[in-house]
Amino acid sequence: MSMDAANYISTLELIAPRTTAPENYDFAILDLASDETLLEQLYSGTVGERIEWWSLFEGTSWQPDWASGPILIDLRDAPGFRTQLQLQLESSSMGILITSGSSAEELRQHLTRWLFESLPKKQQLLRFYEPRMFAPLLCVLSKQSCQNFLAVGRQWYWHDGHVWRESQGCNQPADELRDSGQVVVSATELKNSERYWLAGEASGYATYYDEALGHTKRPAVWVFNCLEEAQKAGFLSAAYLERWLRLALQLGADFHHSEPYQEALSRDDLSPRDRLIAMESMSEKAHANNS
């Protein structure tokens, strides 16, 4: 039986609570593919501060693609770069921050293992460093797997596109981690993580559109259900979901069941983008006629 929206939301908020922007942290895992200027910034940063970094693709079959993969950066001696990075992470989904007593090498080995050995299919990577998916991943892992993953850090911080979130690790010694058994994330767990991603988006939008949601006692649940309807109608990207939500806020959660919106939705000759544009223009016309 599927959990309801309120459960997804409350579980996410429990496992990855909201926090304030981290003022201090030791390491960052960043995705070079997320920002083409990132390498340039790193090299510029090393002029004034001591910054070391390593590709998590190093020593693997993915090594040739290192320039579009994740890197681990040691920022313990780089307060200037730390501050700059924290601000950047609030405006683009680039990665995750860690406070840790582990060595950089211990961290690198641990993270590389999770990146490459977690998924049943070979040559498939567990992109845990994608900050919008980090909380959903923690929500679906077994308690033991979650503890094993987080154990190399004391605190983990990330900005999910809406708010800062954190999770506590325990910073176990590396030799204890190696005995923790096989690292596997099942296909079912990955599939389930999509509901938690939706819960994170719903929580974020419920805060952002707070004033327009005065009509409901549980704003995040209302938004979750709207976004779920949007997905069922074939709108899957975050940008499309938000545009659907704006229509629902203007017209009511069931707007897509009424004509002419229903007609626009059923047109197979239109792409999802064009269906959205059609519905938005109908909404504008109706608004103009009523004003």
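The values are calculated or read from the model by the stated rules, or taken from the named source; none is laboratory data. As the structure is a prediction and not an experimental result, all values here were calculated from the model. In this analysis, Cβ positions are derived from the backbone assuming ideal geometry, glycine residues included, and neighbour counts consider all displayed protein chains.
Is it the case that W114 is in a helix (DSSP H, G or I) and within 14 Å of A33 (Cα to Cα)? Steps first, please.
Numbers: in a helix (DSSP H, G or I): yes; within 14 Å of A33 (Cα to Cα): no.
Judged against the criteria, W114 is not a match.
If we keep just the residues of the range 238-291 that are farther than 26 Å from R195 by Cβ and among the basic types (K, R), which is modelled with the lowest pLDDT? Checked the range 238-291; the qualifying residue modelled with the lowest pLDDT is K285. On the stretch given as the range 29-62, residues that are aliphatic (A, V, I, L, M) and in contact with a helix residue (DSSP H, G or I) (Cβ under 6 Å, 6 or more places away or on another chain) total 5.
Given the criterion without any contact (Cβ under 8 Å) to a residue 40 or more places away in the chain, within 15 Å of I29 (Cβ to Cβ) and of a type outside the set (D, E), identify the matching residue among I73, I51, I98. If you could, list the steps in order and put the result at the bottom.
Values: I73 fails: without any contact (Cβ under 8 Å) to a residue 40 or more places away in the chain; I98 fails: without any contact (Cβ under 8 Å) to a residue 40 or more places away in the chain.
That would be I51, the only listed residue that is without any contact (Cβ under 8 Å) to a residue 40 or more places away in the chain, within 15 Å of I29 (Cβ to Cβ) and of a type outside the set (D, E).
Cβ-Cβ distances below 8 Å connect the following pairs, each with a first residue in the range 206-220 that is in contact (Cβ under 8 Å) with a residue 40 or more places away in the chain, a second residue that is of a type in the set (A, V, I, L, M) and assigned to a loop (DSSP other than H, G, I, E, B), and a separation of six or more residues or different chains: T207/V163.
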